[in-house]
1. For segment 198-221, state whether one or more residues are surrounded by 17 or more Cβ atoms within 10 Å (Cβ to Cβ) and closer than 24 Å to residue 109 by Cβ.
2. Can you find even one residue in segment 244-264 that is surrounded by 13 or more Cβ atoms within 10 Å (Cβ to Cβ), among the aromatic types (Phe, Trp, Tyr) and assigned to a strand (DSSP E or B)?
3. Scan segment 205-243 for residues that are of a type outside the set (Val, Ile, Thr), in a helix (DSSP H, G or I) and in contact (Cβ under 8 Å) with a residue 24 or more places away in the chain and jot them down.
4. Which of the residues belonging to segment 176-194 are crowded, with 22+ Cβ neighbours inside 10 Å and among the β-branched types (Val, Ile, Thr)?
5. Mind telling me which of the residues 188, 150 ends up being touching a residue at least 40 places away in the same chain (Cβ under 8 Å), in a loop (DSSP other than H, G, I, E, B), in contact with a helix residue (DSSP H, G or I) (Cβ under 9 Å, 6 or more places away or on another chain) and under 30 Å from residue 101 (Cα atoms)?
6. Of everything in segment 283-299 that's at pLDDT 95 or above and crowded, with 17+ Cβ neighbours inside 10 Å, which residue is farthest from residue 117 (Cα to Cα)?
7. Which pairs turn up if I take residues in segment 279-300 that are free of Cβ contacts under 8 Å to residues at least 60 places away in the same chain and look for partners that are surrounded by 14 or more Cβ atoms within 10 Å (Cβ to Cβ) and part of a loop (DSSP other than H, G, I, E, B) with beta carbon separation below 9 Å, at least 6 apart in sequence or on another chain?
8. I need the full set of residues from segment 158-174 which are polar (S, T, N, Q) and either part of a helix (DSSP H, G or I) or out of contact with any Phe, Trp or Tyr (no Cβ under 6 Å at 6 or more places or on another chain) (or both), in order please.
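The values are calculated or read from the model by the stated rules, or taken from the named source; none is laboratory data. Because the structure is a prediction, the values reported are computed rather than measured. Positions of Cβ are backbone-derived with ideal geometry, glycine not excepted, and every protein chain shown enters the neighbour counts.
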Amino acid sequence: MVKGKNDKLLEYLMPDDIEDVILPMLKAEKAKKKMYQKRIVEKKLSLMKCVVFCIFLICLGIASFSGYQILAWKIDSDKTYAQMELIADNAVVEEVEDTEATEIVNPPVEEDPANPYWDYIKMNLINVDFSNLLEINSDTKGWLQVSGTNINYPFVQTIDNDYYLKRDFNKEYNSAGWVYLDYRNNINELDKNTIIYAHGRLNGTMFGSLKNIFNSDWFNDINNHVVKLSTPTENTLWQVFSVYHIPTTSDYLQVKFSNDTDFLDFINMLKARSQYDFNVEFSAEDKILTLSTCYNDEERVVLHAKLIKREVRE
């Protein structure tokens, strides 16, 4: 057996030497090692405390930010509800029966009784008194009503599509925004594609209830397949022909078209995307309405409808 260095040293040491020299050295070395291990443990504990504290601060920051976001959302929602009450008190929205001035727009060639179109054109238009609304907001361009949803609001328009993303009907900051017409559109003449936007609020305000169009109950009730508009110059009725949600794109937001073929190709693209087949016929003379909102952070909810009845206001 090979003896260690310390073993050889012990052979030359007297018992008193071992007790007086070696044992204190061993105790000191053991204490030093224990102290070193203690310091390592203390450093680890200190590091762990720092990590825990940092995680706590991060969680506190996230909780505080989330709380602030929820509070801000609630405040903006309350402001939106207050504005809806104000609008209800200042707007007169009434259904009106057809008159001699009512125009049926591009009816189908054959009058098929099974085609709900013939029931839709018998529906009343809506007529809105805009005098008070224009005093509140001179950007007011019309009123939008979508069957089977909560959408029943005045809509506005300005020089871009950003202003009303974060402003309400009073033109004050509000994350809920408002319902607004694409700045490229002329509501008095109606482009081939008239586009209206709004946020899809979780509480169902603005275009939040537009997601209803994906429910079978909405589709199965054919009375839901119409949209009504009223402007200071005319009242119109639109028949829904396509509903879908799609990854964010702008290809359905085209307003003008180079020729009839271009327009009809566009219509066919929209119809092909639809979750349901509404069996709506088209001609090159038709005009459509597009409603667009967010489905989630990466997708959009879209509804398209075709103009089927209009009446110029006196």
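1. So far as segment 198-221 goes, no, none of its residues is surrounded by 17 or more Cβ atoms within 10 Å (Cβ to Cβ) and closer than 24 Å to residue 109 by Cβ.
2. Yes, segment 244-264 has at least one match.
3. Step one: of segment 205-243, the residues of a type outside the set (Val, Ile, Thr) are 206-212, 214-221, 223-225, 228-230, 232, 234-235, 237-239, 241-242.
Filter once more, so that each one left must be in a helix (DSSP H, G or I): 208-212, 214, 216-220, 223-224.
Of everything in segment 205-243, those that are of a type outside the set (Val, Ile, Thr), in a helix (DSSP H, G or I) and in contact (Cβ under 8 Å) with a residue 24 or more places away in the chain turn out to be 208, 209, 210, 211, 212, 214, 218, 219, 223, 224.
4. 179, 194
5. On the way: 188 fails: in contact with a helix residue (DSSP H, G or I) (Cβ under 9 Å, 6 or more places away or on another chain).
Only one candidate qualifies: 150.
6. Step by step, filter segment 283-299, then rank; the result is 293.
7. 282/106; 300/252
8. As a first pass, look at segment 158-174 and keep what is polar (S, T, N, Q): 158, 161, 170, 174.
Passing the criteria: 158, 170, 174.
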